[in-house]
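Reading through the structure tokens given below for one structure.
The values are calculated or read from the model by the stated rules, or taken from the named source; none is laboratory data. Because the structure is predicted, anything quoted here is derived from the model rather than measured. Here the Cβ is made from the backbone with ideal geometry for all residues, glycine too, and neighbour counts use every protein chain on show. Only protein heavy atoms, including side chains, enter the accessible area calculation; ligands, DNA and RNA are left aside. Shrake-Rupley method; radii C 1.70, N 1.55, O 1.52, S 1.80 Å.
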Amino acid sequence: MWRKIPLVLTIAGSDPSGGAGIEADLKVFTSLKVYGVDAITSITVQNSQGVFKKLDVPPDFLKKQLEKLFEDFEINVIKIGMVSSFAISKTIADFLTGKTVVYDPVIYSKNGFPLNNESEIIKIIEILLPLTTILTPNYFELKKISGLITDNSLEMAKKVLVDFCNLKALVVKGGHIEEEKERINDSILIREREKIKKYDFSYPRIRTQNLHGTGCTLSSAIAAYLALSFDTKIAVKRALKYTHLKILSSSKYRICKGKGPLIHFL
């Protein structure tokens, strides 16, 4: 009798430094004992000091990647990262119906390099968010998606949940908020029986340069825990803890000249 192994598909860009993107996603999946398959949206020129160039995969090529994966594997959980154009978002959307989708709406790299076509960001969001289960934006991405002129993350998150009724949950990350404080406060807003409930999580802030790929890590860990059959709240709680512990263990090492990655085998 064959035994099934939990599986997650990641659709994202490639980071040759190994800290973020497809490379980080696959490391998370392996660390959490989930098998990962991937479709690449964009190839980048980057290292620990920044992103310098990107080359988008032609939409037809991405479509072929996805078609062949879906022909061969039973895919129910999908993590989406860097989506660099409207044409690519339309290609991805054709494969999302009926799936559990964790979307990390990567818009800019940490050094400010635009990873999306600036004029198409809203169109990409309008295509993918109606097919998303859990959204994991950072503060700046949440502000862009909500369209609100406010600094209140919870107001922005509630606006997005109202606008997109299909969303089951939205993670509000506190890392970019009140950076002088010694604790990070994260929240998850979950839609439960037509009501939105908020759950809070707090961790000590770790002062370190090794934060490359934290967003990718969190969203991938959520997808992995969902594939392992945890419910939404527990999946997010475990993913936040996993990410925090990787930041803590990685803070003791230095393997590059710039912003170091999370080291998943520690």
(message) From the phi angles alone, apply the Karplus equation (6.51, -1.76, 1.60; θ = phi - 60°) to the range 200-212 and give each ³J(HN,Hα) in whole Hz, x where the residue is Gly or Pro.
(response) 10, 9, 10, 9, x, 6, 9, 7, 7, 7, 8, 10, 5
(message) Around K79, under 11 Å between beta carbons, what's the net of Lys plus Arg minus Asp minus Glu among the other residues?
(response) -2
(request) Report the dimensions of the range 40-111 along its three principal axes from the alpha-carbon atoms, largest first, rounded to Å. (result) 37, 23, 21
(message) Using only the Cα atoms of the range 110-150, what are the Rg and Dmax in Å?
(response) 10.9, 29
(message) If Rh is defined by the Kirkwood formula over all Cα pairs and Rg also comes from Cα, what ratio Rg/Rh do you get for the range 98-179?
(response) 0.94
(request) Could you check which residue among N185, N138, N152 shows the biggest mean-square fluctuation in a GNM of the chain with a 10 Å Cα cutoff? (result) N152
(message) So, R0 is 22 Å and r is the distance between the beta-carbons of M1 and K33; what FRET efficiency does that work out to, to 0.05?
(response) 0.65
(request) Rounded to the nearest 500, what is the 222 nm mean residue ellipticity of the chain from helices alone, with -39500 (n - 2.57) per DSSP H run of 4+ residues and division by all residues? (result) -11000 deg cm²/dmol
(request) Would you mind getting me the FRET efficiency between D60 and F113? Use the beta-carbon distance for r and R0 = 25 Å, nearest 0.05. (result) 0.45
(request) Project the alpha carbons of the range 9-146 onto their principal axes and report the range along each, largest first, in whole Å. (result) 37, 30, 27
(request) May I have the pair-distance distribution P(r) for the range 155-199, computed from all Cα-Cα distances with 5 Å bins from 0 and rounded to whole percent? (result) 5, 21, 29, 18, 12, 9, 4, 1
(message) Taking 2.2 N^0.38 Å as the expected size of a compact globular protein, what ratio does the Cα radius of gyration of the range 178-221 give against it, to two decimals?
(response) 1.47
(request) Express in Å², to the nearest 10, the accessible area of I43 obtained by rolling a 1.4 Å probe over the protein heavy atoms while all chains stay in place. (result) 90
(request) Can you spot the aspartates and glutamates whose alpha carbon is less than 16 Å from K241's alpha carbon? Ignore those fewer than 8 places along the same chain. (result) D186, D200, D231
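Please state the relative contact order of the chain as a whole percent: Cα pairs under 8 Å, 6+ residues apart?
Working: 533 pairs, mean separation 50.9, N = 266.
Once normalised by length, the contact order is 19 percent.
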(message) Just to be sure I understand: if I project the alpha-carbon convex hull of the chain onto a plane and average over all orientations, what area do I get in nm²?
(response) 14.1
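Grab the other residues whose beta carbon is less than 10 angstrom from that of I11, score K and R as +1, D and E as -1, and report the net.
Details: positive: K79; negative: D25, D38.
Every neighbour counted, the sum reads -1.
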(request) Using a Förster distance of 35 angstrom, determine the FRET efficiency expected from the C-beta separation of E67 and H176, and round it to 0.05. (result) 0.40
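How would you rank 158-168, 76-86, highest first, on the average number of other Cβ atoms within 10 Å across their residues?
Output ranking for 158-168, 76-86: 76-86, 158-168.
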